[in-house]
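**Q** Below you will find the structure I want to go over with you.
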Amino acid sequence: MSAIEASYSEATASDREESTPLAQLSIELGHLYREDFHGDRSGLAAYFSRVAPWVTAARQAYALPGGHHRARISTCFLIDDYFAPFSTPVEVIPALCEAAESAGLVIDYIARESACAVADGVPLARLVENRLVPEPPASSDGSRPPVTELGWLSNGERSPLAAAEAMDGRASWQPPLQNSARHHSVFADVELWSETGGERLWSCAFLAAVWQLVRLGAVRHNGAAVTRARPHAIHSSDTWDGLPPILQLNSAAAPFAAYQTLSVLPSRFLLVEHAVRVILEQIAVDDRIWAKIQKRGEAEGFDLSAEVVDRISYVFDGRLSVQQ
Amino acid sequence: MIVMGEVVTGLLQNSTSVTLAEAEKILSLRTGDRVCSLARPVLYVVSPPLYTGLDCKIGADNLPRARGVGTARSRAAITGGQIVQADTTIICRQGTVGHRLSWSYYLSRPGEVETIGNSPDSAVAQAWLDRDTAQPALGAISSRLIDEIQGSPLLQRPSRLRAGRTRLRWIAEASPESQQRINFCLGSNGLRMVRITAPQPDFVMLADFCVDLALHDWLLTTLQAEVSRSGLGEGGGVGALKRLQPLVDHLLHLWAPGNRPSRSITPYWAALESALGLSYQWNTLVNRIRDQLAFAALYLSARTQAEL
């Protein structure tokens with residue numbers, strides 16, 4: 001009789017992470033803030049007519065190798081209900097959809113900016129904050145804990161606080177230093193949040209970083225997916241918080257999350273999105289989730305970068321503005 | 001490619017063993033990441049991995065030293081509700097560019113350090129084991145992680161036992177020869193050094209093995225120190241046995257080398273036991289305590305009889 005091979009395992013010995021459906025590309029058609037919305041739909045229509053050619057170009061640029069199958073591309077639009085909530089869903093959403101339709105675009109998903117802070121009871125911003133691994137300055141050998149300034153993140157060494165006094169008695173400025181500078185520095189110091197009376201207000205840059213990670217399907221809470229896009233009757237609530245964090249408008253849409261993201265934005269967002277890049281370059285996503293997503297993409301024929309920031313692309317168009 | 005690590009082991013500062021639920025809360029170092037656990041043969045609870053950025057010199061003093069940039073990977077674990085460990089490792093690879101890249105490059109390879117400039121693996125390995133203050137300071141990262149856990153508000157001091165910390169510094173390298181080797185060196189001030197060479201090392205398994213080895217070396221070191229302090233068998237009498245009681249209560253049942261679900265560390269334990277006889281040393285001490293307990297019980301019984 002041959003020997004019996006026995007093995008033992010325990011369910012709690014390793015953590016299983018939930019897989020979520022993924023599109024190949026998520027296209028963000030814009031952000032809407034209070035100062036942008038005047039209820040006049042012609043401004044919105046003009047905005048989308050300028051966005052539309054970029055979407056057409058994206059469909060071509062991100063087409064599958066071989067181009068035999070229709071690519072899974074979904075579109076989304078972000079509305080601010082965190083810093084300055086404005087108007088009502090039933091006033092804004094149909095206006096947006098009509099304007100997009102007039103330019104031949106369909107908005108598949110509408111997301112609320114406050115969802116990037118907390119979505120369905122899950123503190124997304126806190127989850128992402130916990131994954132910060134700040135860039136070490138030179139000569140960081142681990143012997144001392146990393147020096148961090150609460151609520152701020154930089155890409156290098158800040159100017160020294162006690163600047164040396166020059167011969168004439170005035171303090172002389174010492175430049176900061178970007179960690180990965182080649183010959184010259186571009187130093188950035190980003191505010192991640194501010195606190196007033198114990199209440200934390202996340203910065204636009206930090207919420208936008210969370211937004212990108214959610215769009216890439218890279219966030220889990222205790223192994224489970226963090227929020228599911230779902231349909232909901234927009235007239236059922238006068239306030240934005242009566243709607244799901246991510247509202248699905250198009251039942252035939254490709255999944256909300258995707259291997260890669262593209263955002264078409266007015267040029268004025270470049271500064272914030274640079275700050276997003278500074279943040280995302282210092283976030284360690286769960287490497288098992290990330291490896292699984294990468295494998296899925298490769299199985300479909302995509303050559304995906306291992307770096308989070310390389311999955312994110314932008315079109316910054318100086319002509320884009322919804323203001324009339 | 002080489003893998004370097006340092007495991008720090010100590011006693012959890014709690015008056016009793018912590019339960020599985022308590023250990024999970026203590027090790028939930030990052031919201032939203034789950035803590036893993038094994039119930040058998042001994043309760044073993046391990047935290048999610050944490051990363052520390054590094055940019056420092058590595059390698060030998062007398063050779064041009066390479067600069068290493070990347071992240072160290074750390075985990076904390078509680079065994080038997082009593083013993084706390086933190087292990088920090090880096091996978092060290094030769095880089096191909098002459099400058100530091102963007103940080104997102106290094107974060108896409110978590111737990112890896114790439115060298116800028118030339119420093120052969122053998123020089124890095126030797127410096128890691130030779131120098132008192134090795135760079136990078138993986139032991140310091142592990143020690144701070146243990147300090148953070150010991151500072152948990154969920155713990156109730158004082159512990160009934162007093163025990164020091166030990167540090168096990170290890171390195172594993174691929175070698176062209178087919179013979180797998182493991183060398184264990186007992187250093188001073190609680191430092192142990194382990195060097196492993198194999199044709200195709202399984203670095204994940206070897207990291208697990210070194211954590212398990214560090215745990216059992218700590219148990220043996222602690223038992224030896226306590227027995228020596230107690231005066232057992234040196235006329236210490238019942239008093240010596242009383243001093244050893246917390247050890248008997250809390251630690252004696254935790255000896256289970258190589259008993260992990262992944263049996264691939266078994267051959268390494270077998271080789272080490274054959275050369276070092278760690279289990280033999282442990283059992284000798286345990287039997288000595290039991291023999292003294294038996295004698296004490298005999299004398300107590302005889303005295304009680306005489307008084308009746």
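The values are calculated or read from the model by the stated rules, or taken from the named source; none is laboratory data. None of these values were measured; they are calculated from a predicted model. Cβ sites come from the backbone with ideal geometry, for glycine too, and all protein chains shown count toward neighbours.
**Q** Kindly indicate whether any position in region A:7-23 is closer than 26 Å to residue A:209 by Cβ, charged (D, E, K, R), more than 14 Å from chain B (Cβ to nearest Cβ) and under 21 Å from the mean Cα position of the chain (by Cα).
**A** For region A:7-23, residues closer than 26 Å to residue A:209 by Cβ, charged (D, E, K, R), more than 14 Å from chain B (Cβ to nearest Cβ) and under 21 Å from the mean Cα position of the chain (by Cα): absent.
**Q** I'm trying to understand the selection: among the residues of region B:164-200, which are outside any strand (DSSP E or B) and at pLDDT 90 or above?
**A** Answer for region B:164-200, where residues must be outside any strand (DSSP E or B) and at pLDDT 90 or above: B:164, B:165.
**Q** Here's a follow-up. Based on this model, can you work out whether residue B:271 counts as in contact with an Asp or Glu (Cβ under 8 Å, 6 or more places away or on another chain) and either at pLDDT 80 or above or not hydrophobic (A, V, I, L, M, F, W, C) (or both)?
**A** Here the answer is no, as residue B:271 does not meet what is asked.
Conditions (1) farther than 30 Å from residue A:148 by Cα; (2) crowded, with 20+ Cβ neighbours inside 10 Å, marked per residue:
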{"residue": "A:246", "(1), (2)": "yes, yes"}
{"residue": "A:251", "(1), (2)": "yes, no"}
{"residue": "A:290", "(1), (2)": "no, yes"}
{"residue": "A:310", "(1), (2)": "no, no"}
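**Q** Hey, another quick one. Across region A:94-121, which residue is nearest to the other protein chains (Cβ to nearest Cβ) among those that are surrounded by fewer than 21 Cβ atoms within 10 Å (Cβ to Cβ) and of a type in the set (Val, Ile, Thr)?
**A** The extreme case among them is A:118.
**Q** Further question on the same structure: Just the residues that are within 7 Å of chain A (Cβ to nearest Cβ) and either surrounded by fewer than 18 Cβ atoms within 10 Å (Cβ to Cβ) or not in a loop (DSSP other than H, G, I, E, B) (or both), please, taken from region B:95-123.
**A** Passing the criteria: B:99, B:101, B:102, B:103, B:104, B:105, B:107.
**Q** Suppose we filter region B:130-149 for residues that are modelled with pLDDT of 95 or more and away from every other protein chain (no Cβ under 14 Å); how many remain?
**A** 1
**Q** When residue A:174 is evaluated against the numbered criteria (1) within 24 Å of the chain's Cα centre (by Cα); (2) surrounded by 12 or more Cβ atoms within 10 Å (Cβ to Cβ); (3) away from chain B (no Cβ under 13 Å); (4) touching a residue at least 12 places away in the same chain (Cβ under 8 Å), which criterion, by number, is the only one it fails?
**A** Residue A:174 satisfies all of (1) within 24 Å of the chain's Cα centre (by Cα); (2) surrounded by 12 or more Cβ atoms within 10 Å (Cβ to Cβ); (3) away from chain B (no Cβ under 13 Å); (4) touching a residue at least 12 places away in the same chain (Cβ under 8 Å) except (1).
**Q** So, in region A:96-149, how many residues would count as being among the β-branched types (Val, Ile, Thr), in contact (Cβ under 8 Å) with a residue 60 or more places away in the chain, in a loop (DSSP other than H, G, I, E, B) and farther than 24 Å from residue B:104 by Cα?
**A** 2
**Q** Return yes when residue A:188 is more than 28 Å from residue B:48 (Cβ to Cβ), under 22 Å from the mean Cα position of the chain (by Cα) and within 13 Å of chain B (Cβ to nearest Cβ) and no when it is not.
**A** Considered against the rule, which asks whether it is more than 28 Å from residue B:48 (Cβ to Cβ), under 22 Å from the mean Cα position of the chain (by Cα) and within 13 Å of chain B (Cβ to nearest Cβ), residue A:188 comes out as yes.
**Q** Right, another one. Tally the residues that are part of a helix (DSSP H, G or I), exposed (fewer than 14 other Cβ atoms within 10 Å of the Cβ) and free of Cβ contacts under 8 Å to residues at least 24 places away in the same chain, restricting the search to region B:201-244.
**A** Counting residues in region B:201-244 that are part of a helix (DSSP H, G or I), exposed (fewer than 14 other Cβ atoms within 10 Å of the Cβ) and free of Cβ contacts under 8 Å to residues at least 24 places away in the same chain gives 5.
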